[in-house]
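Read the structure below first, then the notes.
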Amino acid sequence: MTIERLEELVRPNIRALAPYSTARDEYAGQPGIFLDANESPYPEGWNRYPDPHQKALKAEVSRIKGLPAENIFLGNGSDEAIDLVFRIFCTPERDNAVIISPSYGMYGICAAINGVEVRPVPLGKGYSLPVEGIRAACDPSTKVVFLCSPNNPSGNAFSRSSLLELVRSTDAIVVVDEAYADFSSEGSLRSEVLSEPNLIVLQTFSKAWGMAALRLGMAFACKRIAALMANVKYPYNISEAVQRQAIECLRKSKVESHIREIISERGRLAGKLPRFSFIREVFRSDANFILVRVDDADSLYDKLLADGIIVRNRNRVEGCRGCLRITVGLPEENERLLKSLSEYEKGTLHRP
């Protein structure tokens, strides 16, 4: 896609938008006596507004992810970036977005909030990517295609080649949500944003990096899209506390060892779960969770809950009937899960 075509996808009012200018934007000199932002003058540690552009944090993200800061947007979780995509590209009551199903529920929620039609395309056999179905669902009013890879709740990653094929053959913005990519051998598409103007790659610090409570998401995109997101976001979307804590966490993180252990435990669970008679299918996972289809999802969910083990019941999600989604925990937590499953199996064998 050309930059000229990309501009045509942007809503006219967004193209013409003059972004809010903060006091910190208008003064970029050395620290002094700040009497410009109507802040409290009392130095309690949090009396000043945060950097609206998160320059120090973006420098750390740039170092870790290998992309220039100008190609990075940081949001209040990935959900902020998802919402911004709708607000930048989709005109309410006119445009539509294509999503895969089942997938992450916030794509549909954000579309509904923004008054945008959603066109769900069912995943293929084994939760495979329906490339032709996605293309068929698109029309001239399709502004965005959302693809979650590895997908939630199925857990499988789609091949780089199939994702890039859609990016290059679709006349719309393609958002690839890589919240679980750290656990996948498929790797990330984020470097492709430098050559594919219509590609946006989402990642998060909530999973592998262990910062879910900080609510910090990343979007990687061409410079124009990253700038549009910065223009449309609220001025101080990432608090000073979150910026400081995230930088500290990134500098001392044990993320690589944690990823290795989770992948190892995922493999161990995937090997043991099929041995239980009530588990009908264990789906291949490239994420930090495993989707399983069982005989009686509600009954098993209740048993695990009674044992203090909380999994996600996906039994009522279209395409996931009879399924539970199990997050990979610490080794001792996974052992408790296996013990509870064993007790459940013994109970079902002794039922009249």
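The values are calculated or read from the model by the stated rules, or taken from the named source; none is laboratory data. For clarity, every value in this text was computed on a predicted model and none was experimentally measured. All Cβ positions, glycine included, derive from the backbone under ideal geometry; neighbour counts span all protein chains shown.
Please find, within region 161-188, the residue that is surrounded by the fewest Cβ atoms within 10 Å (Cβ to Cβ) out of those that are among the acidic types (D, E) and in a loop (DSSP other than H, G, I, E, B). The residue in question is D171.
Mind listing just one residue for me: the one in region 70-103 that is of a type in the set (S, T, Y) and either under 26 Å from L123 (Cα atoms) or not assigned by TED's automatic domain parsing to the domain that holds P50 (or both) and, of those, nearest to the chain's Cα centre (by Cα)? That would be S78. If you go through region 316-339 and keep only what is at pLDDT 95 or above and over 26 Å from A208 (Cβ atoms), you end up with R321, G322, K339. Each residue in region 16-47 was checked for being part of a helix (DSSP H, G or I) and either touching a residue at least 40 places away in the same chain (Cβ under 8 Å) or surrounded by 12 or more Cβ atoms within 10 Å (Cβ to Cβ) (or both), and 3 pass. Is it the case, given these coordinates, that L300 is in contact with a strand residue (DSSP E or B) (Cβ under 6 Å, 6 or more places away or on another chain), surrounded by fewer than 19 Cβ atoms within 10 Å (Cβ to Cβ) and part of a helix (DSSP H, G or I)? Answer is no for this residue. With the condition kept exactly as written, say whether any residue in region 253-262 is among the basic types (K, R) and part of a helix (DSSP H, G or I). Within region 253-262 (the criterion being among the basic types (K, R) and part of a helix (DSSP H, G or I)), the answer is yes, since at least one residue qualifies.
Could you please give the count of residues in region 129-146 that are surrounded by fewer than 23 Cβ atoms within 10 Å (Cβ to Cβ) and either among the aromatic types (F, W, Y) or within 19 Å of the chain's Cα centre (by Cα) (or both)? So the answer is 1. If you go through region 312-339, how many residues are aliphatic (A, V, I, L, M), crowded, with 18+ Cβ neighbours inside 10 Å and outside any helix (DSSP H, G or I)? Residues flagged as aliphatic (A, V, I, L, M), crowded, with 18+ Cβ neighbours inside 10 Å and outside any helix (DSSP H, G or I) within region 312-339 amount to 3. Set side by side, the residues F158, F205 differ, and just one is in contact (Cβ under 8 Å) with a residue 40 or more places away in the chain and surrounded by 21 or more Cβ atoms within 10 Å (Cβ to Cβ), which is F205. Checking each residue in region 305-329 for being at negative phi and free of Cβ contacts under 8 Å to residues at least 40 places away in the same chain picks out L305, A306, D307, I309, I310, V311, N313, N315, R316, R321, L324, T327.
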